Amino acid sequence: WDHEGDDFIVALDKATGKELWRQQRDERTSWSTPLVVEHEGKPQVVTAATGKIRSYELATGKLIWECAGLTPNVIPSPVAGHGIVYCTSGFRGNALLAIRLGRSGDLTDSDAIAWRHNKATPYVPSPLLYGDRLYFLSNNNGVLSCFDALAGKPFYSEQRLEQIRNVYASPVGAAGRVYIVGRDGATLVIKNSDSLEVLATNKLDDGIDASPAAVGKELFLRGHENLYCIAEK
């Protein structure tokens, strides 16, 4: 609950609604969804926000580490893999931080930051970590970058997607493909590879802001007017 007032993070028992723990936070309005990650068998909750990225023990709510470096009004949710959590923001600036898990305390500008990038990062869409590739869009536009998630080097950077203009939905990966859905209902399918290879473009006559959901061999798209299920016959 990050807003222009008293802020907090709370954990509830999902069966009963009983409050398990609550921690006060000093933050401005942020929109990012917390991410639960596990490191060395211990789950932690990572929150990205304007002031700091913070990680809490899932069991107790104790603060494990914190790190400054994002822009204001954080919306994209963190993603994690390879022992690293990746946090992005793109309002009034650009920021991408790749933070190694397993540390504690204030990690700002420390060697816990595996790498960082400060150009063409997303405002609304979250990044996609697919294997060792990190995909992210520029602001809310159809401009895509794909980085080596471990080395922090671009496979390709700021490639304009001619079929996609404005984007709110986060990219989704499945079956060796990446699906990018534009606000006008166009879905671009690209190959999960080191180079940009467009496999298909499909168009629905509906506006789409929600991220696609892949379940089994079906892809669900929630439009302004309808819910769509795309599947092979």
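The values are calculated or read from the model by the stated rules, or taken from the named source; none is laboratory data. Keep in mind the model is a prediction, meaning the values are calculated, not measured. Cβ placement follows ideal geometry from the backbone for every residue including glycine, while neighbour counts extend to all protein chains displayed. Each accessible area value is taken on the protein alone, full model and side chains, heavy atoms only, with ligands, DNA and RNA left out. Shrake-Rupley method; radii C 1.70, N 1.55, O 1.52, S 1.80 Å.
How large is Rg/Rh for the chain, to two decimals, with Cα atoms and a Kirkwood Rh? Could the numbers behind the result be given before it?
Numbers: Rg = 18.0 Å, Rh = 18.4 Å.
Rounded to two decimals, Rg over Rh is 0.98.
Antiparallel beta bridges, as assigned by DSSP with both residues in the chain, represent about 95 percent of the total such bridges.
Using a 1.4 Å probe, what is the accessible area per residue for region 1-160, in Å²?
Details: 7660 Å² over 160 residues.
Per residue, region 1-160 has 48 Å² of solvent-accessible surface.
Close amide H partners of Ala186, meaning residues 5 or more places away or on another chain with modelled amide H under 5 Å apart, are Leu204. Sequence-ordered 3J(HN,Hα) estimates for region 31-43 from the Karplus curve with 6.51, -1.76 and 1.60 and θ = phi - 60° stand at 10, 5, 7, x, 10, 8, 10, 10, 9, 6, x, 10, x Hz, glycine and proline given as x. Simple point charges give the picture: +1 on the Cβ of Lys and Arg, -1 on the Cβ of Asp and Glu, and for the chain a dipole about the Cα centre of about 260 debye. Applied to region 179-196, the Karplus parametrisation 6.51 cos²θ - 1.76 cosθ + 1.60 on θ = phi - 60° returns per-residue 3J(HN,Hα) values of 10, 10, 10, x, 5, 8, x, 7, 10, 9, 10, 10, 7, 6, 8, 6, 10, 6 Hz, with x for Gly and Pro.
When the trypsin sites (Lys or Arg not before Pro) in region 168-206 are filtered for DSSP coil states and for at most 10 other beta-carbon atoms within 10 Å of their beta-carbon, no site remains.
Applying a threshold of 20 Å to the alpha-carbon distances of Lys14/Lys52; Lys119/Lys191; Lys203/Lys233 flags Lys14/Lys52; Lys119/Lys191 as lying beyond it. The accessible surface of region 102-233, taken with every protein chain in place and a 1.4 Å probe, is 44 percent carbon and sulfur. Distances between placed amide hydrogens fall under 5 Å for Val143 paired with Ser138, Leu161, all partners being 5 or more residues away or on another chain. For the chain, what does the relative contact order come out to in percent, with C-alpha contacts under 8 Å and a separation of six or more? Result for the chain is 9 percent.
As a fraction of the 1.4 Å probe accessible area of region 8-97, surface on carbon and sulfur atoms comes out at 52 percent.
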